[in-house]
Each structure stands twice: as structure tokens, then as C-alpha cells.
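Please treat every number below as a calculation from the coordinates, not as lab data. Keep in mind the model is a prediction, meaning the values are calculated, not measured. Heads up, the Cβs are rebuilt from the backbone with ideal geometry, glycines too, and the neighbour counts pull from every protein chain shown.
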Amino acid sequence: MRRAVPLLACMILAAPGRADDLRTVFFAGLDSGHSLHGHAGFKHALDGSLNASGFVALAVAGASGPRPDKGRHAGAALLAGYQWALPRWHVTLLAGPDLERDGRVRLGVRLQGEVWARPTDDTLLTLTAIAASGRPQGYARASAGYRLWGEVHAGPEVSYKTEPGWREARVGAHVTGFAFAGVTWRVSAGRSLPGTGRAGTYAGLSGWVRLGGD
């Protein structure tokens with residue numbers, strides 16, 4: 001569940017659109033590393049637009065293949081919170097129930113924070129942080145990007161994930177914001193550095209569709 005790309009729910013704000021009609025974004029993706037992970041979900045403005053300050057909801061579900069230290073697992077979360085929209089910054093705080101299944105069903109609470117910033121017209125900074133208690137875990141990812149053309153940005157990314165019996169850091173690069181077949185895409189790849197075992201590589205592909213906006 002940590003790679004359910006809540007970051008994408010923030011990144012849609014980088015694309016142009018009318019501030020009064022962008023209500024919902026659907027997103028999905030695949031991530032391969034020490035296991036294969038797939039996810040899908042949506043982010044929805046509860047009282048206005050995703051381009052403006054207001055209450056928002058986020059729902060996501062995902063599943064992972066077997067990892068070297070354990071088997072398959074699946075999870076889902078339904079979160080609600082508030083988004084502060086400033087001219088060059090968007091900050092979102094969310095909380096809600098988190099359901100995990102890894103041989104047994106675990107119900108807990110998930111807290112999530114997202115920051116999206118455009119320090120200049122050509123640069124992009126993002127940060128996502130997650131803490132969940134169902135299957136105790138923490139996850140954080142930060143990325144920076146420079147505008148190549150249009151709304152396409154590329155740059156470095158780093159992430160760190162921890163849970164009982166597993167720690168993993170990642171260092172890589174991403175290209176975000178290119179459109180194809182009516183979907184906006186993000187690709188990433190880099191080096192995976194687990195706390196135990198050998199280092200490896202990872203790759204990710206995610207896409208999202210906006211409902212509303214020009």
C-alpha cells in the first residue's frame with residue numbers, strides 16, 4: 001500500500017485546468033522491485049475543486065506479489081482530510097481506516113501528508129509521507145523535477161519504507177506529466193537498497209485521468 005502513489009493525486013495539480021471544475025482524479029499503476037505491486041484509486045474534492053483549498057477524500061486499494069521475506073498481501077484505505085492551496089504550494093493532510101491482509105486481516109489507522117510545490121515556473125517539488133498502524137509501517141518519498149516541455153518534468157527521487165522485518169531505501173529518477181491516449185503518465189526507475197539482502201533495481205509506471213478541467 002505504500003506505493004499506491006498518493007503523490008499522483010498531488011501531481012495532477014501541476015497540469016493546467018479551470019480551478020472551479022476539477023473534482024476527481026482516478027489513478028492506477030504498477031511497481032516492480034523486490035516484489036510486484038499494483039494499485040488503483042481516486043482522489044475527490046468534497047466541497048469544491050482539487051485546484052482550490054477545501055475538504056478532499058482519497059480511496060486506494062492494492063496488492064503485492066511475494067517478497068523474499070514474506071508472501072502476498074493486499075490492502076485498502078479510505079481517507080479524508082483538508083487541502084490548502086496557495087499560488088505555488090498545495091499541502092494535504094488525510095486520515096482514515098486502513099485495512100491490510102497478509103495471512104490475517106489487520107485493521108488500523110492511516111495518516112498521510114502530501115506537499116506539492118512549484119518554486120519557479122520550471123521546477124517541481126513533491127513530498128509524500130504515510131504512517132499506518134494496521135500492519136505497522138511508514139513510507140516517505142520526495143522528488144524534484146525540472147520542466148522539459150509543456151507539463152513534463154524530470155528529475156531525481158528518493159524514498160524509504162519500513163515495517164517489522166523489512167527496510168528499503170530507493171534512489172532513482174522519474175519523468176512525470178506526459179500525456180498519451182487520454183492518460184497522464186509517470187515513469188520511474190532506480191536502485192533499491194533493502195536493509196537485508198542484495199541491492200536490486202526498481203521500475204514504476206503510473207497513470208491518472210482527470211474529470212473536469214480544460
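Dividing the helix sum by the residues of the chain, where each DSSP H run of 4 or more adds -39500 (n - 2.57), gives a mean residue ellipticity at 222 nm of -500 deg cm²/dmol. Would you calculate the separation in nanometres between label points at Thr196 and Ser53, each defined as 7 Å from the Cα along the Cα-to-beta-carbon direction? Those two pseudo-labels are separated by 4.8 nm.
Placing unit charges on each Cβ (+1 for Lys and Arg, -1 for Asp and Glu) gives region 131-214 a dipole about its Cα centre, and among Ala203, Gly182, Gly134 the Cα reaching farthest toward its positive end belongs to Gly134. Measuring r between the beta carbons of Val171 and Leu148 and using R0 = 25 Å, the FRET efficiency lands at 0.75.
Each of Gly103, Ala76, Gly41 was scored by the projection of its Cα onto the charge dipole of the chain, and the greatest displacement toward the positive side belongs to Gly103; charges sit on the C-beta of Lys, Arg, Asp and Glu. Between Ala63 and Ala95, full extension at 0.36 nm per residue minus the direct alpha carbon distance yields a gain of 9.5 nm.
If you average 1/r over all unlike Cα pairs in region 72-214 and invert the result, what Kirkwood radius do you get in angstrom?
Details: mean 1/r = 0.0592 Å⁻¹.
This gives a value of 16.9 Å.
When the chain is treated as a Gaussian network with alpha carbon springs shorter than 10 Å, the biggest mean-square fluctuation among Arg186, Arg118, Arg88 belongs to Arg88. Here the spin labels are modelled as points 7 Å beyond Cα on the Cα-Cβ line, and at Ala140 and Thr162 they lie 0.9 nm apart.
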